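Reading through the structure tokens given below for one structure.
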Amino acid sequence: MQSKRRSVLPILWIWLVAGTLDITENLVFNQFRGISPWRVFQYIASGLIGMKSFRMSWNSVALGVALHYAIALAWTLIFYFAALRFAGLTRRPFLSGVIYGCLVYFIKNFVVLPLSGVPHPVAAITTASRLNAVLALAFCIGLPISFLTHKALRGNSGQI
């Protein structure tokens, strides 16, 4: 039981750190664009339930929060278990984190979002928004997941 808890706790920590960094960056960036946190979470919920998420009040906001963290958990688990199988992922955590963040960006934007119920943008996505999205996923998802997985799997040897 103790061994199982030791393997689950790092995953939960990595998930919460990465998920919280990612949503914090997203909320701050969108606030500068005049988009409220309420709308951000409704937008996330729209991936699952479509446009009705914007008419559902607190229910869709809560669903958006839950979906955001569920997705962050999925990205965490994918990397963590890949790192267990491929030790090279933890040998160079900076490089693997940046690459993983970019991979997450491409999967999210070119596979998941087109297949989801999110509303399609009415105008072209700006270069600033695209660049922000890539950097946010590299620095708020890829790097934290990579470095914290490195630390969890290598112990506290101080080698980062």
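The values are calculated or read from the model by the stated rules, or taken from the named source; none is laboratory data. Small disclaimer: the values here were computed from a predicted structure and weren't measured. Ideal geometry is used to build each Cβ from the backbone, glycine not excepted, and the neighbour counts take in all protein chains shown. Heads up: the accessible areas ignore ligands, DNA and RNA and are worked out on the full protein's heavy atoms, side chains in. Shrake-Rupley method; radii C 1.70, N 1.55, O 1.52, S 1.80 Å.
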- Message: Take the conditions surrounded by 14 or more Cβ atoms within 10 Å (Cβ to Cβ) and either part of a helix (DSSP H, G or I) or at pLDDT 95 or above (or both) and apply them to Leu21. Does it pass?
- Response: yes
- Note on the structure: Filter the stretch 142-160 for residues that are modelled with pLDDT under 95 and in contact with a Ser or Thr (Cβ under 8 Å, 6 or more places away or on another chain); the one that is nearest to Ile23 (Cα to Cα) is Leu153
- Could you give every pair whose Cβ atoms fall below 6 Å, whose first residue belongs to the stretch 30-44 and is in a helix (DSSP H, G or I), and whose second residue is open to solvent by 50 Å² or more (accessible area, probe 1.4 Å), counting only separations of at least 6 or pairs across chains? Phe41/Val65; Gln42/Phe54
